[in-house]
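Working notes, beginning with the structure itself.
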Amino acid sequence: MKEVLVVYYSQTGQLRTIIDSVLSPLDQESVNITYHQIIPDEPYEFPWKKERFFDVFPESFLQIPTAINKPDASVLSKKYDLVILGHQVWYLTPSIPLNSFLKSEEAKTILNDTPVITVIGVRNMWAMSQEKVKKNAHRLKCKTCR
């Protein structure tokens with residue numbers, strides 16, 4: 001049986017719906033899918049308040065991490081055949097929660113020598129964010145990053 005891990009952050013839950021749609025063909029296969037939802041210690045409420053929206057710009061664009069929950073020990077102890085990174089784009093950059101995961105020791109453990117696919121829920125101007133995710137994933141020695 002193939003093992004797939006989905007690591008994602010979604011402010012509204014819409015990204016989880018997108019991911020579930022993308023993964024729906026795997027329901028018919030011999031695939032075990034595990035989910036790890038990234039949850040920041042300090043939530044990013046939606047809808048954004050104007051001050052909070054503009055306040056996160058520097059940390060987002062500069063890719064400064066924040067405190068987030070860690071994956072369960074069962075997630076960290078397993079080798080996955082594929083990891084799917086689901087994320088939103090903030091200011092042409094991966095969201096602070098996803099960036100925080102990518103800069104964590106847990107990401108080094110999970111992504112090392114593992115194929116990675118990204119799923120992005122965005123409206124426009126996503127290309128720069130995708131390139132930053134690929135750069136971080138390559139730095140973590142993912143087997144293949146798409």
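The values are calculated or read from the model by the stated rules, or taken from the named source; none is laboratory data. Just so it is clear, the structure is predicted and the values come from calculations on it, not from any experiment. For neighbour counting, all protein chains shown are included, and Cβ atoms are generated from backbone atoms with ideal geometry for every residue, glycine included. Remember, those area values only see protein heavy atoms, side chains included, never the ligands or the DNA or RNA. Shrake-Rupley method; radii C 1.70, N 1.55, O 1.52, S 1.80 Å.
Rundown of residues vs (1) open to solvent by 80 Å² or more (accessible area, probe 1.4 Å); (2) outside any helix (DSSP H, G or I); (3) closer than 14 Å to residue 5 by Cβ, yes/no style:
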| residue | (1), (2), (3) |
| --- | --- |
| 20 | no, no, no |
| 23 | no, no, yes |
| 27 | yes, no, no |
| 33 | no, yes, yes |
| 36 | no, yes, yes |
| 86 | no, yes, yes |
| 109 | yes, no, yes |
| 114 | no, yes, yes |
| 128 | yes, no, no |
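Which ones in region 47-72 are over 18 Å from the mean Cα position of the chain (by Cα), open to solvent by 70 Å² or more (accessible area, probe 1.4 Å) and either at pLDDT 95 or above or of a type in the set (A, V, I, L, M, F, W, C) (or both)?
53, 54, 57
Is there a residue being in contact (Cβ under 8 Å) with a residue 12 or more places away in the chain, closer than 17 Å to residue 12 by Cα and open to solvent by 10 Å² or more (accessible area, probe 1.4 Å) anywhere in region 90-97?
Just the residues of region 90-97 that are in contact (Cβ under 8 Å) with a residue 12 or more places away in the chain, to begin with: 90-97.
Then keep just the ones that are closer than 17 Å to residue 12 by Cα; that gives 90, 94-97.
From what is left, the residues that are open to solvent by 10 Å² or more (accessible area, probe 1.4 Å) are 90.
Looking for residues that are in contact (Cβ under 8 Å) with a residue 12 or more places away in the chain, closer than 17 Å to residue 12 by Cα and open to solvent by 10 Å² or more (accessible area, probe 1.4 Å), one finds at least one in region 90-97, hence yes.
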